[in-house]
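One structure below.
The values are calculated or read from the model by the stated rules, or taken from the named source; none is laboratory data. Since this is a predicted model, take the numbers as computed values, not measurements. Ideal geometry is used to build each Cβ from the backbone, glycine not excepted, and the neighbour counts take in all protein chains shown.
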Amino acid sequence: MIRYVLSRLLFALPIFLGVITIVFVIVRILPGDPAQAALGDYASPDAVAALRQRLGLDRPIPLQYGGYVAGLVRGDLGKSLITGAPVRDEIVHNLPYTLQLTLLALIIGTLAGVPVGVMNALTRNRLPDSIGRVVSLFGLSVPAYYLGILLILLFAIELRLLPAVGAGDLTSPGDALRHLILPAATLGLVMAAAVARFTRSTVLNTLGQDFVRTARAKGLQPRVVTIRHTLRAALIPIVSLAGLWSIGLIGDSVTTEIVFARPGLGSMMVGAMLQRDYTSLQSVMVVYTAFVVLINLATDLAYGFIDPRIRY
Amino acid sequence: MSARKATKKFTRRRFLTTALAAGIGGPVLARTIPPFGTPSRADAADNILHFGQSEGDLGTADPHYAAGTQDRALVDMIFNGLLRFKPGDGSAFEPDLAVDFPKPTVVAGKQVWTFKLRKGVMWHPSDKVPAYEMTSEDVVYSLQKAADKARSAYSALYTGMTFQALDPTTVGIVLDSPLSPNLFYPLVTNYAGGFIVSKRAVEAYGLDGVKTHPVGTGPFILRRYSPKERMELAPNPQYFRGRPKLEGVDYRYMADGFSRELGLRGGQLDGINGQQDEAWVGKMQAVPKLKVDIFGVGESTVLYFNQTVRQLSRKEVRQAIAYTLNRDEFLGLIGKKVGQKIYAPLAPFTIGALTENEVVAKGLDYKTNLEKAKSLLAEAGVAGGFSLDLVTSELNIYKVHYESMQAQLAKVGIQIRLRVVDHPSYHALIRKDTNPIVIYVAFRPTAEIYLRSFYHSASAVVSGAHPDTNFAHYSAIDDLIDKARVETVAAKQVEMWKEAQVKILQDMAAYPVSYANQVYARSTGVDYGHPLKSVLALYPGIDETTRVQRG
């Protein structure tokens, strides 16, 4: 399995290089100048030119590209063109916020989605199934940012139970968790809707299989048939969906971080884009790419754990 | 049982067990949350001001580069100038690090301004430089930095100046060309290049380091910077005007206006940067225990006509456009609560700005008159109108103005095709002469800066000697601008500026539209410590007198 993991990681290298190159080219094609963005419209043109020189933006683009890639190979993500702070430090600061948000959302999405989906399948075309399908359809139809605003209005403004914005103090688990609940629920509930619908159809499909009928014929308890035989067989496609959705969660975390005014990679990326902070933007994209590669790998490896027939 | 088999069994079960444990663990973890009730609101005993500012992050805390609203406000709390604008009133000056106003003298044909400094003013302590007393050496270093294009965004304003430390508490500023107090004071005031920085701190941190390690003499000291999140400021116990009443400022970077609003309404924030929109103001004014502050300095919205574009090269066409446009329609975009119509190229309250009455008396207000507009177009040989391709920023204030202009000009057959781009792209494109008509929203602190950057031929975009923001490619008032700069008699200087504005309006190089004030909201427990008339730092002004009371 180690060889499999290593080969997958090796194959990821060209993907990284491709992403870096595409982002590098795109941000430079866009009109807008980091020096002008940093200094504002009131700065003298001479000062803008001086800053461009200091930031190395006056160098030929191939040289800038070579310098950036060489830095990456050395593990140096460069310095923010705007604040001058090392990008690595900014990523290290922001990464935990995005990780905790997506992980908790993943847990909420899975733990809420799978049971609802199983229940819907077991009560097919009856009232609980209909309610579950309508609710999950609603969840799929609502954009995450809109759901976030609704949750803030209800739980933070009207009921005043949870904070509306910010990430709290990471050194205080209770405070950080209180600030995390609404944004994670925003992402998690949307995911739960998708997981529930997918689980329902997968479990329904599995319930019709011969081995389930055999299990019932053996006289096993319905609970055992559902959990040990049906759900377990249905897990592989569900895990595939959860893996794919995790990648989507990372994307949705960008808007959620903005709505909840949380720090994180999404906020960092949007800020870098608006300020034309090329170095930060490129580096954040590298981290996002790493997420996608690693999540795909983890999903593939999870198949082996769930289904003993799968070997690497 | 083989090791391989044992590992396989163990691992698969472990995986499934872990998944189950996560399900059980979540609720258990949730039990560690403190009891719900009021914890999401700022504690009543919390004497820290929680303030939500626009923009997603710090740009720079180096005051000589600070340009964005979020940065100007931040450096205002940390740094001082030799003089300062009276808190809450940007039209009045008072001494700051200097003990008194200087009086100019002429030495060897050059104008010299001599400042006596306060004694005992201490720099904030930092992790690299302990607190030490400010001297003239720091002030000279700071002004030299402000005048250096490699270390300051505002260097052009300090051209022809030399700075001398005459003794530890005396600074002399020698000007090659004399300036009136109208033009000199803003350069040594707590604004842009006038902020005084610590020599030792800048040398210790370097130019990149001071962007995130500001060391000043002001009421608040940097405690911690959390990128994309907040700047935590502590009170300066040694502040020369006395220890601040607040225990600190929690300065949050929150790009999304709705999030700021929710933070304020939810009680997590005490004050926020609001929206320049009458509907928003009305909505927030209706919320109990909240107050909306509307104050200057605002930004002027002005249309500039590029005279190098064939269709706009004739004065009659530009005047026809002016007669077509309706200021009331433009003002309706932001609302009367937030803005006002303007008739002069210089913003209201700027020293030297023409008043509405003066403009109307000269018949230069271009009151809407579609018939006259059509006849002027016919006179220019374009009776059927023409079409123009323009870009607009995605920022609402720009987009709505362009769209309104598009609708208004269609009435006389001038068709505008609009393309929306992001804001940095907009700024880049209009500096490449992309737009025949440029809408620009800006504030400039003096008439000289405004006229020079927008109407002097040297500032013409692309083609000027020092390309800046002369989008009109206007060149008819260079002489007046240059003469007014060196005029030391304030009254004569003002007359020249007014004459220049009359010429601009006669030639219709630009059409002044509206003036939008700053809009902030706060809980009623916040007292900034001064009335709010106008603040050049573009925020209400948080200083040693600011207080917050909750409950």
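Looking at residue B:286, is it out of contact with any strand residue (DSSP E or B) (no Cβ under 9 Å at 6 or more places or on another chain) and either closer than 30 Å to residue B:121 by Cα or modelled with pLDDT under 95 (or both)? For residue B:286, the condition - out of contact with any strand residue (DSSP E or B) (no Cβ under 9 Å at 6 or more places or on another chain) and either closer than 30 Å to residue B:121 by Cα or modelled with pLDDT under 95 (or both) - is not met. Among the residues of segment A:46-56, are any touching a His at 6+ places or on another chain (Cβ under 9 Å) and surrounded by fewer than 20 Cβ atoms within 10 Å (Cβ to Cβ)? Within segment A:46-56 (the criterion being touching a His at 6+ places or on another chain (Cβ under 9 Å) and surrounded by fewer than 20 Cβ atoms within 10 Å (Cβ to Cβ)), the answer is yes, since at least one residue qualifies.
Of everything in segment A:76-85 that is within 10 Å of chain B (Cβ to nearest Cβ) and surrounded by fewer than 22 Cβ atoms within 10 Å (Cβ to Cβ), the residue that is nearest to residue B:153 (Cα to Cα) is A:84.
Out of B:183, B:175, B:179, B:222, report the one residue that is within 16 Å of residue A:85 (Cβ to Cβ) and either surrounded by fewer than 18 Cβ atoms within 10 Å (Cβ to Cβ) or more than 13 Å from chain A (Cβ to nearest Cβ) (or both). Within the list B:183, B:175, B:179, B:222, the selection yields B:222. If you check B:90, B:120 for being in a loop (DSSP other than H, G, I, E, B) and farther than 30 Å from residue A:164 by Cα, only one passes: B:120. Scanning segment A:86-99 for residues that are surrounded by fewer than 24 Cβ atoms within 10 Å (Cβ to Cβ) and in contact (Cβ under 8 Å) with a residue 24 or more places away in the chain turns up A:88, A:91, A:93, A:95, A:96. Tell me, please, whether a residue that is at negative phi, part of a helix (DSSP H, G or I) and in contact with a Gly (Cβ under 6 Å, 6 or more places away or on another chain) can be found in segment A:163-176. Looking through segment A:163-176, at least one residue is at negative phi, part of a helix (DSSP H, G or I) and in contact with a Gly (Cβ under 6 Å, 6 or more places away or on another chain).
Looking only at segment B:339-375, filter to residues that are in a loop (DSSP other than H, G, I, E, B) and closer than 19 Å to residue B:405 by Cβ; which one of those is farthest from the chain's Cα centre (by Cα)? It comes out as B:369.
Would you check which residues across segment B:466-520 are farther than 19 Å from residue B:303 by Cα, of a type in the set (Asp, Glu) and part of a helix (DSSP H, G or I) and list them? If the condition is that a residue be farther than 19 Å from residue B:303 by Cα, of a type in the set (Asp, Glu) and part of a helix (DSSP H, G or I), then B:478, B:479, B:482, B:495, B:499 are the ones that fit. Residues that are free of Cβ contacts under 8 Å to residues at least 60 places away in the same chain and outside any loop (DSSP other than H, G, I, E, B) were ranked within segment A:297-312; the one that is farthest from the other protein chains (Cβ to nearest Cβ) is A:298.
In the set B:433, B:422, only one residue is in contact (Cβ under 8 Å) with a residue 24 or more places away in the chain, more than 22 Å from residue B:311 (Cα to Cα) and acidic (Asp, Glu); that residue is B:422.
Counting only residues that are assigned to a loop (DSSP other than H, G, I, E, B) and of a type in the set (A, V, I, L, M, F, W, C), which one in segment B:46-73 is surrounded by the fewest Cβ atoms within 10 Å (Cβ to Cβ)? I'd like the intermediate steps shown before the answer.
Taking segment B:46-73 first, the residues assigned to a loop (DSSP other than H, G, I, E, B) are B:46-47, B:54-68.
Among the residues that remain, those that are also of a type in the set (A, V, I, L, M, F, W, C) are: B:58, B:61, B:66-67.
Details: B:58: 28, B:61: 23, B:66: 29, B:67: 20.
Top of the filtered list is B:67.
For residue A:223, are the conditions met, namely being out of contact with any strand residue (DSSP E or B) (no Cβ under 8 Å at 6 or more places or on another chain), surrounded by fewer than 15 Cβ atoms within 10 Å (Cβ to Cβ) and in contact (Cβ under 8 Å) with a residue 24 or more places away in the chain?
The answer is no for residue A:223.
The residues of segment B:432-474 that are charged (D, E, K, R), more than 8 Å from chain A (Cβ to nearest Cβ) and surrounded by 21 or more Cβ atoms within 10 Å (Cβ to Cβ), listed by number, are B:448, B:452. For segment A:100-146, a residue qualifies if it is surrounded by 16 or more Cβ atoms within 10 Å (Cβ to Cβ), more than 14 Å from every other protein chain (Cβ to nearest Cβ) and of a type in the set (Phe, Trp, Tyr), but none of them does.
In segment B:123-142, the residues that are in contact (Cβ under 8 Å) with a residue 40 or more places away in the chain form Cβ pairs under 6 Å with partners that are assigned to a strand (DSSP E or B) and buried (at least 19 other Cβ atoms within 10 Å of the Cβ), at six or more places apart or across chains, as follows: B:124/B:221; B:139/B:171. Quick check on segment A:157-164. Is at least one of its residues buried (at least 20 other Cβ atoms within 10 Å of the Cβ), touching a residue at least 40 places away in the same chain (Cβ under 8 Å) and at the interface with chain B (Cβ under 7 Å from one of its Cβ atoms)? Yes, that holds for at least one residue.
Going through B:192, B:234 one at a time, which residue ends up being over 21 Å from the mean Cα position of the chain (by Cα) and among the small types (Gly, Ala, Ser)? Break it down stepwise before answering.
Numbers: B:192 fails: over 21 Å from the mean Cα position of the chain (by Cα).
Just one listed residue meets the conditions, B:234.
Considering B:352, B:332, B:413, which residue is in contact with a Gly (Cβ under 8 Å, 6 or more places away or on another chain), surrounded by 14 or more Cβ atoms within 10 Å (Cβ to Cβ) and either at pLDDT below 95 or of a type outside the set (Val, Ile, Thr) (or both)?
Numbers: B:352 fails: in contact with a Gly (Cβ under 8 Å, 6 or more places away or on another chain); B:332 fails: in contact with a Gly (Cβ under 8 Å, 6 or more places away or on another chain).
That would be B:413, the only listed residue that is in contact with a Gly (Cβ under 8 Å, 6 or more places away or on another chain), surrounded by 14 or more Cβ atoms within 10 Å (Cβ to Cβ) and either at pLDDT below 95 or of a type outside the set (Val, Ile, Thr) (or both).
Every listed requirement among (1) over 18 Å from residue B:296 (Cα atoms); (2) touching a residue at least 40 places away in the same chain (Cβ under 8 Å) is met by residue B:476 save one, (2). Could you look through segment B:136-172, keep only residues that are among the acidic types (Asp, Glu) and surrounded by fewer than 22 Cβ atoms within 10 Å (Cβ to Cβ), and pick out the one that is farthest from residue B:199 (Cα to Cα)? Among residues in segment B:136-172 that are among the acidic types (Asp, Glu) and surrounded by fewer than 22 Cβ atoms within 10 Å (Cβ to Cβ), the one farthest from residue B:199 (Cα to Cα) is B:167.
Scanning segment B:135-194 for residues that are among the small types (Gly, Ala, Ser), part of a loop (DSSP other than H, G, I, E, B) and touching an Asp or Glu at 6+ places or on another chain (Cβ under 8 Å) yields B:160, B:180. Note on segment B:200-219: among residues that are in contact (Cβ under 8 Å) with a residue 40 or more places away in the chain and closer than 19 Å to residue B:149 by Cβ, the one that is farthest from the other protein chains (Cβ to nearest Cβ) is B:202.
Scanning segment A:141-161 for residues that are out of contact with any Asp or Glu (no Cβ under 7 Å at 6 or more places or on another chain) and within 20 Å of residue A:109 (Cα to Cα) turns up A:141, A:142, A:143, A:145, A:146, A:147, A:148, A:149, A:150, A:151, A:152, A:155. Each residue in segment A:69-80 was checked for being in contact with a Leu (Cβ under 9 Å, 6 or more places away or on another chain) and part of a helix (DSSP H, G or I), and 2 pass. Does segment B:502-529 hold any residues that are closer than 22 Å to residue B:89 by Cβ and not hydroxyl-bearing (Ser, Thr, Tyr), and which are they? Selection gives B:516, B:517, B:518, B:519, B:521, B:522, B:526, B:527, B:529.
Pick from A:190, A:270, A:239, A:224: which is at pLDDT below 90, within 28 Å of residue B:266 (Cβ to Cβ), part of a helix (DSSP H, G or I) and among the hydrophobic types (A, V, I, L, M, F, W, C)? It would help to see each step written out before you state the result.
On the way: A:190 fails: at pLDDT below 90; A:239 fails: within 28 Å of residue B:266 (Cβ to Cβ); A:224 fails: within 28 Å of residue B:266 (Cβ to Cβ).
Going through A:190, A:270, A:239, A:224 in turn, just one is at pLDDT below 90, within 28 Å of residue B:266 (Cβ to Cβ), part of a helix (DSSP H, G or I) and among the hydrophobic types (A, V, I, L, M, F, W, C): A:270.
Quick test for you: out of A:48, A:25, pick the one residue that is more than 18 Å from residue B:60 (Cα to Cα) and either in a helix (DSSP H, G or I) or under 32 Å from the mean Cα position of the chain (by Cα) (or both).
Numbers: A:48 fails: more than 18 Å from residue B:60 (Cα to Cα).
Criteria check complete, one pass: A:25.
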